[in-house]
Amino acid sequence: MNKLQLFESAARENGYAETNQYDGGDSVWFRKAAPDAGTDVHKRLCIDRLTDSATVFWQTPPAKLNSKTFRTVSSLKDWFSSPSN
């Protein structure tokens with residue numbers, strides 16, 4: 001499996017569903033199936049094939065947008081397994 005497929009697999013294993021296909025583009029978007037309890041907003045995850053990275057976007061009260069970019073699949077999995085995620 002290549003790195004992008006490993007990012008996609010990790011996303012699916014952690015409750016993210018794909019929202020679109022590559023369709024010749026450079027990224028693919030996922031959305032967390034369940035919304036976050038505090039905001040009722042679904043986390044988003046973008047896998048970018050140009051940079052071989054994944055970025056998670058989420059909202060915290062009061063409507064603050066946060067993001068974190070991961071260069072390795074193992075760091076993304078570690079973040080998923082942390083208690084706050």
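For the reader, a short list of remarks on this structure follows.
- Entry comment: accessible area of the chain is 60 Å² per residue, from protein heavy atoms only and a probe of 1.4 Å.
- Relative to the compact-globule estimate of 2.2 N^0.38 Å, the Cα radius of gyration of the stretch 34-81 comes out at 1.22.
- Quotient of the Cα radius of gyration of the chain and 2.2 N^0.38 Å, N being its number of residues: 1.05.
- Whichever lysines have a C-alpha closer than 26 Å to that of Lys64, once near sequence neighbours (fewer than 8 apart) are set aside: Lys32, Lys43, Lys77
- Protein accessible area in the chain, 1.4 Å probe - carbon and sulfur %: 50
- In order along the stretch 8-18, the phi-based Karplus estimate (6.51 cos²θ - 1.76 cosθ + 1.60, θ = phi - 60°) of 3J(HN,Hα) comes to 4, 4, 4, 4, 5, 5, 10, x, 9, 10, 5 Hz; Gly and Pro are listed as x.
The values are calculated or read from the model by the stated rules, or taken from the named source; none is laboratory data. This is a predicted model, so every value here is computed, not measured. Quick note on the areas: whole protein, heavy atoms, side chains included, nothing else; ligands and nucleic acids left out. Shrake-Rupley method; radii C 1.70, N 1.55, O 1.52, S 1.80 Å.
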